[in-house]
Amino acid sequence: MNACTEPERQALKAGGLVKAGLTQPLGQMPRGSIGRILAVSGMGDRDVERGLLEMGFVEGACIEVLHYGLLGRDPLAVRINQSMTVALRRVEANAVLVGPLLSPAVGAASISNRESNPS
Amino acid sequence: MTGGILNADNARMIQIALVGPPNSGKTTLFNTLTGGRQKTANYPGVTVERKSGRLRTPVGHMVEILDLPGSYSLRARSPDEAITRDVVLGRQAQEGLPDAIVCVTDATNLGQHLRLLLELRQLGRPLILALNMMDIAQKRGCQISLETLSRQLGIPVVTTVAMRKNGVRDLLGEIDMLLNQAPTTAGIVAAAAWEEPSPDAIRAYHQEVERLLKEAVIQEAAPERLTRELDRVVLHPVAGPLILLGILFLMFQAVFSWAATPMDWIDGGMASLQQWFSAHMDDSLLKSLLIDGIIAGVGGVVIFLPQILILFLFILLLEDFGYMTRAAFLMDRLMSGVGLNGRAFIPLLSSFACAIPGIMATRAIAHPLDRLTTILIAPLMTCSARLPVYVLLIAAFIPNATVWGGIGLQGLVMFGLYATGIVGALIAAGVLRLTLLRGGRQPLLMELPSYKWPNPANVLLGLLDRAKIFIRRIGTIILSVLVVLWFLSTFPAPPAGATEPAIYHSFAGMIGRGLEPLLAPIGFNWQIAIALVPGLAAREVAVAALGTVYALSGDEGAVTEALATTLAHDWTLATALALLAWYVFAPQCLATLAAARRETNSWRWPIFMFVYLMVLAYVAAFITYRVALALGGG
């Protein structure tokens, strides 16, 4: 998983920012930035967590912030794995923790750590 | 084919369910498979539409295809998705377990769409995977090994191009193959044991999809550029809302200008129908019922069909194009400010034509409180039935002058009435969400699909559906209400030598005169009170009723014209403005209340809707009347 896929490389070439070494909630990412999902927590709400997972927000997925709304920069439009665009509100976006795109593989270990280490 | 599914149960037709995520092109595939041989009905208890159609396979089997609402997973979040889950699990009343399931996926978005297939596979039912929109995927350089995918999944995999008639050939062939296989009973146990996947189970599905695609995908599709570029403008924080406003403006412009001609035809047709009956029938109660009750009443409602169809043409085109979710994105922040969801934008937009399809469209809203709030405020959107009343009063009381350099005053007042309804709806939603309907907010989480050219067949079939629903409503609810109203305003007959119009002495007149003291504080005279009695059932009937009260006759156009003169003479400006304010809020539509009852499955909410809108109407009319009087409008 640590290698970028071809579409991801193209997105990077197209001008995506990589915030090297920075880990932040999706809701805080600047427009145009690209990263890889480290953890999806749902912030304690299993339904939010499942909702996010069902819409493609999963550990290891590549994510790009495309647009923000006018008022309060809410909601966000994000591209997942360069294949699907999803709109979500900042509240839910903050339940998704994003790291640099070129970060090491996100394996089972970090998934199981998620419960003890909420974002 | 002995022992095949075909012989499993001769009592009913073989049934195949189409299941797929939203935006997988499932409905287009359904339309291509079944053509015009479709039937829309309702599931019992809920009003989710049951869309089915028939097709004959190449071998010659007749099969019923069931188009189930789009869903990302079997863990249903909205009433629509619950139907999909219940049907594939065999839990839906009056619906057997489907004999086979076709899972429709977007070939360009398999990474997200295959999870649903994995969920379905667990049920152990005969299953076919259709990789839809394969033509687009190939254009973008995508190569998938169908054999590998089929082997890995253990089910048949076909590619389909739903837009083309021969694009479903492989699918039909696979269906025939499946029908000849021995039926399986394994799924019945699996379906009964189904439970909602945990978050980690969904993660496992993700990993499985990734593994499958790594095996089967030879060449990934290049990212879609056009949608990205278009969104740069359409979702731009400043340009986006401006474009939305422009589209809405164009839409309403079209609704009013394009619809004028067909509305004149309907008007003329109804008038000549009335003339024909009055020339060829002897004076009798039946004649009166036919002409004054049924033709006038039905004509008064049918006349809105062109406007409703034009509005829906726009909505369906924009939806098929992929714009509607963008509109929801742009509106979400504004609407979340009053506790609503951006998704509520589409039902509310439909409500400008008619609140009934608007209320029905709320089924796509997942959260019950969000949905209920949207249903309760939908009648505040200015539906086309209010227009005849607005047009009449504005023509009679608002001078045809221009203000602020070129803006017509009459048009401005009309705009003000629309705006009052919208603002009223937003405030009502905010108050409801802070009081009665306080509770958890639903996350937005909405896919913004790739733009594509609208499919004419989809749009046409959708439009036909809307027209059918509207006409069926006229044939049932409205017709029976009209007969009752005719009875109320015809009996008892006036005493000999009465000087007042006949309706004054009728039951409707009695009710109206009884209501007069209650309505006097808001400036309504007994004529208005009487007209509001039939107007309670359907708003637009009030114009005809006013015509009757003021003893005018002729076709609708002539009545409106003569009425405007009479009213300008008989009413004060304050009264006219108060009646306009009343019309913005008053719940004068039995069909809307009936729709709300069906959708909420109780009388509680429609009664609440009626009461709160009545109170709003009374207060608004009272304030308008008093303020207008104080400013010299008496």
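The values are calculated or read from the model by the stated rules, or taken from the named source; none is laboratory data. None of these values were measured; they are calculated from a predicted model. Counting neighbours? That spans all protein chains shown, and the Cβs are built from the backbone with ideal geometry, glycine included.
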Candidate set from segment B:342-395 (those that are under 24 Å from B:D465 (Cα atoms) and aromatic (F, W, Y)); member that is farthest from the other protein chains (Cβ to nearest Cβ): B:F352
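Residues of segment B:205-223 being in a helix (DSSP H, G or I) and within 10 Å of chain A (Cβ to nearest Cβ), which ones?
Step one: of segment B:205-223, the residues in a helix (DSSP H, G or I) are B:205-216.
If the condition is that a residue be in a helix (DSSP H, G or I) and within 10 Å of chain A (Cβ to nearest Cβ), then B:Y205, B:H206, B:Q207, B:V209, B:E210 are the ones that fit.
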Which listed residue, of A:V48, A:V40, A:V91, is touching a Phe, Trp or Tyr at 6+ places or on another chain (Cβ under 6 Å), over 18 Å from B:V234 (Cα atoms) and either β-branched (V, I, T) or at the interface with another protein chain (Cβ under 7 Å from one of its Cβ atoms) (or both): A:V40
Subset tally (residues that are charged (D, E, K, R), part of a helix (DSSP H, G or I) and touching a residue at least 12 places away in the same chain (Cβ under 8 Å)) for segment B:224-248: 1
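Within segment B:578-610, how many residues are closer than 21 Å to B:L417 by Cα and either part of a loop (DSSP other than H, G, I, E, B) or at pLDDT 90 or above (or both)?
First, the residues of segment B:578-610 that are closer than 21 Å to B:L417 by Cα: B:578-589, B:592, B:609-610.
Narrowing the set further to residues that are either part of a loop (DSSP other than H, G, I, E, B) or at pLDDT 90 or above (or both) leaves B:578-588, B:609-610.
Here the count works out to 13.
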Which numbered condition B:S198 misses (of (1) more than 13 Å from chain A (Cβ to nearest Cβ); (2) free of Cβ contacts under 8 Å to residues at least 24 places away in the same chain; (3) polar (S, T, N, Q)): (1)
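Might you check whether a residue that is among the hydrophobic types (A, V, I, L, M, F, W, C), away from chain A (no Cβ under 14 Å) and surrounded by 14 or more Cβ atoms within 10 Å (Cβ to Cβ) occurs anywhere in segment B:438-456? Spell out the reasoning first.
So in segment B:438-456, the residues among the hydrophobic types (A, V, I, L, M, F, W, C) come out as B:444-446, B:448, B:453.
Among the residues that remain, those that are also away from chain A (no Cβ under 14 Å) are: B:453.
Now narrow it down to the ones that are surrounded by 14 or more Cβ atoms within 10 Å (Cβ to Cβ): none.
No, that holds for no residue.
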Conditions (1) within 17 Å of the chain's Cα centre (by Cα); (2) modelled with pLDDT under 85; (3) surrounded by 22 or more Cβ atoms within 10 Å (Cβ to Cβ); number of the one not met by B:L305: (3)
Selected residue (only one of B:L235, B:L289 is surrounded by 12 or more Cβ atoms within 10 Å (Cβ to Cβ), in contact with a Phe, Trp or Tyr (Cβ under 9 Å, 6 or more places away or on another chain) and within 14 Å of chain A (Cβ to nearest Cβ)): B:L235
Restricting segment B:542-574 to residues that are surrounded by fewer than 18 Cβ atoms within 10 Å (Cβ to Cβ) and of a type in the set (D, E), the residue that is modelled with the lowest pLDDT: B:D555
Enumerated helices (runs of 4 or more DSSP H) restricted to segment B:372-479, each holding at least 3 residues that are charged (D, E, K, R): B:456-473
The lone exception for B:F329 - which of (1) among the aromatic types (F, W, Y); (2) surrounded by fewer than 24 Cβ atoms within 10 Å (Cβ to Cβ); (3) under 19 Å from B:L445 (Cα atoms) it fails: (2)
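Kindly evaluate A:L26 against the criterion of being buried (at least 20 other Cβ atoms within 10 Å of the Cβ) and either more than 7 Å from chain B (Cβ to nearest Cβ) or modelled with pLDDT of 90 or more (or both).
Judged against the criteria, A:L26 is a match.
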Segment B:587-619: number of residues that are touching a residue at least 40 places away in the same chain (Cβ under 8 Å), crowded, with 19+ Cβ neighbours inside 10 Å and among the small types (G, A, S): 3
Top-ranked residue of segment B:94-111 - restricted to ones that are in a loop (DSSP other than H, G, I, E, B) and either crowded, with 24+ Cβ neighbours inside 10 Å or touching a Lys or Arg at 6+ places or on another chain (Cβ under 9 Å) (or both), ranked as nearest to the other protein chains (Cβ to nearest Cβ): B:P98
Segment B:332-374 - residue that is under 12 Å from the mean Cα position of the chain (by Cα) and among the hydroxyl-bearing types (S, T, Y) and, of those, surrounded by the most Cβ atoms within 10 Å (Cβ to Cβ): B:S351
Counted residues, segment A:51-88 - those being in contact (Cβ under 8 Å) with a residue 40 or more places away in the chain, on the phi > 0 side of the Ramachandran plot and more than 7 Å from every other protein chain (Cβ to nearest Cβ): 1
Subset tally (residues that are of a type in the set (G, A, S) and either touching a strand residue (DSSP E or B) at 6+ places or on another chain (Cβ under 6 Å) or crowded, with 23+ Cβ neighbours inside 10 Å (or both)) for segment B:112-131: 1
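I'd like to verify a number: residues in segment A:67-119 that are charged (D, E, K, R), modelled with pLDDT of 80 or more and either in a loop (DSSP other than H, G, I, E, B) or under 15 Å from the mean Cα position of the chain (by Cα) (or both), how many? Step through it out loud before you land on a result.
As a first pass, look at segment A:67-119 and keep what is charged (D, E, K, R): A:73-74, A:79, A:89-90, A:92, A:114-115.
Now restrict to residues that are modelled with pLDDT of 80 or more: A:73-74, A:79, A:89-90, A:92.
Then drop every residue that is not either in a loop (DSSP other than H, G, I, E, B) or under 15 Å from the mean Cα position of the chain (by Cα) (or both), which leaves A:74, A:79, A:89-90, A:92.
Total meeting the criteria: 5.
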Residue that is under 27 Å from A:L76 (Cα atoms) and at pLDDT below 90, where the choices are B:L248, B:L178, B:L235, B:L242: B:L248
Residue in segment B:134-153 that is in contact with a strand residue (DSSP E or B) (Cβ under 8 Å, 6 or more places away or on another chain), under 18 Å from A:M84 (Cβ atoms), crowded, with 19+ Cβ neighbours inside 10 Å and within 12 Å of chain A (Cβ to nearest Cβ) present: yes
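Tally up the residues in segment B:210-230 that are more than 25 Å from B:Y451 (Cβ to Cβ) and surrounded by 18 or more Cβ atoms within 10 Å (Cβ to Cβ), please. Before you say what the answer is, go through the steps one by one.
So in segment B:210-230, the residues more than 25 Å from B:Y451 (Cβ to Cβ) come out as B:210-212, B:214-216, B:218.
Add one more test, that the residue is surrounded by 18 or more Cβ atoms within 10 Å (Cβ to Cβ), and what stays is B:212, B:216.
So the count comes out to 2.
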Subset of segment B:490-509 [within 22 Å of B:T575 (Cβ to Cβ) and assigned to a helix (DSSP H, G or I)]: B:I503, B:Y504, B:A508, B:G509
Cβ-Cβ under 7 Å pairs, at least 6 apart or on other chains, segment B:210-222 side under 14 Å from B:R140 (Cβ atoms), far side β-branched (V, I, T) and in a helix (DSSP H, G or I): B:A221/B:T108
